[in-house]
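The values are calculated or read from the model by the stated rules, or taken from the named source; none is laboratory data. If you're wondering where the values come from, they're calculated on a predicted model, not measured in any experiment. Here the Cβ positions follow ideal geometry from the backbone for every residue, glycine too, while neighbour counts run over all protein chains shown.
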Amino acid sequence: MTLFSIDVDAHLKKAASHTFGSPSHYPVELVRAALRRGARKVDVRIGFDRVQVTDDGPGMDRTAMDTLRSLLDPAQPAAVKEAAVESVQTRGGFGILALFAASPTKIRVENVSVLGKTHFLFQDGKLAKLYACDLNVGTRITLFARAHRDMKQEKKVLEAYCRSVQQDILLNKRLISREPQLSRQMAMLNISDSPQIAGGVIGVPHTGDLCRLRLLDRGIPYRYATLPPYRGFVFEAAVEDAGTSDGEITKNLLDHLVEFAVHLYKWLGRNHAKATPETQARIEELIFTYCRLTGSTPGNENPSLLDHFSLFKVYQAAHMLSFSQVVRHFGTSTVYAIPRHKERLRYNTTGKTVLSLTREQADFLVNHKKLPITFLSPVLRKEKRIPTFLYKVKRFFKGFILSLLPTPPEEDFIPRDQLSSDEQRFIDALNGCLSRSGKFQSPRLHTLEAVMVHSKRPYPSVPPKNGKKGDGTPYPLLIRRHHPLVLKAVRAVEADPANVEIFAPLLVR
């Protein structure tokens, strides 16, 4: 009497959907299984009604064949089937689990190993063992899958995951182009073997402040992880798993990777001067991040990463200073500097050593290293002689032309009571400004008094003629009533009487 039964097909479909995530991923696991068996070449055919994977490896071993028979043979006991289902849900058994991910209507397996040739077909819930097998080496697995599969996505996923495999992977008779797993990094370094990993690659990324870790199995990623900076280092790693940790990211693994990250950071520091400005900024960002997170400075770390490159530029000098040299040169005194983006301006350094700093460098020295910095102000450029001469010539001709024009007669003067209230307030504000500020007075007269006048002269005001000296009588400064500048000044002073300070120099000149 059977105490319990198991629906192997339903169980395998559920396990495959949870394991692979994407329904188009299963060809990748068939390729990985072939590489794990030692294949040097894998030929994948993805067609409308089938997926076929052929390799030249030594073939499936007895354990794998027994597990496969246990899953496919309906005569096997339920307990044996349950144990087989559990075994294929480990990373080593993903290759067999992938056979069921596409819900195939028929599975054909041809295998050549030291045990001989094996050929069987599973269809309609029945397992048939066949004796004809035209393979001479390796394994050929054919899945007769339903036509509703997304073949385009299956091909795309296979190429994306297998592009860093060193062995030949053919997709529909076309060799998948090889590309390093970390092909777009600033710097890369090979990782040596350790008890936890079987080598790989580590690189420093162009952007970001996270450690990205990609675990590989036969050059194919099987796990991704994103971590905050570890021990102050930002890196991206693709490591080949040794099969001892089953994908667990341990502290020993990270410490092993950091050893190579140190070498990469030092290499970047030594090559800082040769890099492009964008790369230099990224190198400094990485080093500054490391120092902020670890508190590393020359003296409490041996050796310091800051001593492996000189990044502090000396103004108007060809050499650069390292952090230690900056500390030794300035000591506890003030660091004199100028902004790097304003280096084109002129500065009076008075013989002092002045640094040309970027915003990030200045922030690092001030806020993290607590070094006092004084930024020099640029020297104002001297007035150019030709524009100054032309301006004086213009003023001379203006005064000369005004001296030739007759002064408006007194009957053109507008009495105060004929002015509007806005104009009266404007004249009062202007006279108050003239009396308070001596710079608006004529050098030949004691005081000026603004008076509105009807005039068609080109300028807003008419300067007074020479008068008697020392009699204390104010002399009229004639303001053209309808000049556009005067009208604008009247409106502005009405809104804000203090605005007369702005218009007075224009009206008096």
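Data overview
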quantity	calculated
Hits in region 391-405 (condition: surrounded by 11 or more Cβ atoms within 10 Å (Cβ to Cβ) and more than 15 Å from Val462 (Cα to Cα))	Tyr391
Subset of region 93-113 (residues that are at pLDDT 85 or above, part of a loop (DSSP other than H, G, I, E, B) and either buried (at least 19 other Cβ atoms within 10 Å of the Cβ) or over 54 Å from the mean Cα position of the chain (by Cα) (or both))	Pro104
Any hit, region 357-365, residues being touching a Leu at 6+ places or on another chain (Cβ under 7 Å) and either loosely packed, with under 13 Cβ neighbours inside 10 Å or more than 17 Å from Glu285 (Cα to Cα) (or both)	no
Qualifying residue in region 171-182 (condition: over 24 Å from Arg108 (Cβ atoms), over 27 Å from the mean Cα position of the chain (by Cα) and not in a loop (DSSP other than H, G, I, E, B))	yes
Residue in region 127-149 that is nearest to Val109 (Cα to Cα), counting only those that are outside any loop (DSSP other than H, G, I, E, B) and of a type in the set (D, E, K, R)	Arg140
Top-ranked residue in region 29-77 [being hydroxyl-bearing (Ser, Thr, Tyr) and crowded, with 19+ Cβ neighbours inside 10 Å; ranked as farthest from Gln89 (Cα to Cα)]	Thr54
Leu371 vs. criteria of a type in the set (A, V, I, L, M) and either in a strand (DSSP E or B) or surrounded by 12 or more Cβ atoms within 10 Å (Cβ to Cβ) (or both)	yes
For His148: the one exception among (1) farther than 29 Å from Met65 by Cα; (2) modelled with pLDDT of 90 or more; (3) assigned by TED's automatic domain parsing to the domain that holds Phe48; (4) not small (Gly, Ala, Ser)	(2)
Residue check for Asp150: farther than 28 Å from Gly59 by Cα and under 43 Å from the mean Cα position of the chain (by Cα)	yes
Matching residues, region 64-87, being farther than 14 Å from Leu12 by Cβ, without any contact (Cβ under 8 Å) to a residue 12 or more places away in the chain and in a helix (DSSP H, G or I)	Asp66, Ala79, Val80
Residue check, Glu343 under 30 Å from Val451 (Cβ atoms), free of Cβ contacts under 8 Å to residues at least 40 places away in the same chain and out of contact with any Phe, Trp or Tyr (no Cβ under 6 Å at 6 or more places or on another chain)	no
Identity of the residue in region 122-147, in contact with a Leu (Cβ under 8 Å, 6 or more places away or on another chain) and within 19 Å of Tyr26 (Cβ to Cβ), that ends up surrounded by the fewest Cβ atoms within 10 Å (Cβ to Cβ)	Phe122
Condition broken by Lys173, with the remaining ones in (1) surrounded by fewer than 16 Cβ atoms within 10 Å (Cβ to Cβ); (2) of a type outside the set (A, V, I, L, M, F, W, C); (3) over 30 Å from Lys156 (Cβ atoms) satisfied	(3)
Odd one out for Val234, checked against (1) at pLDDT 90 or above; (2) under 30 Å from Asp168 (Cβ atoms)	(2)
Residue tally, condition surrounded by fewer than 21 Cβ atoms within 10 Å (Cβ to Cβ) and either modelled with pLDDT of 90 or more or part of a loop (DSSP other than H, G, I, E, B) (or both), over region 192-211	11
Residue selected from region 465-477 under the condition touching a Ser or Thr at 6+ places or on another chain (Cβ under 8 Å) and more than 16 Å from Ser435 (Cα to Cα), by the criterion modelled with the highest pLDDT	Lys465
Failed condition for His272, given (1) free of Cβ contacts under 8 Å to residues at least 40 places away in the same chain; (2) closer than 30 Å to Val157 by Cα; (3) touching an Asp or Glu at 6+ places or on another chain (Cβ under 9 Å)	(2)
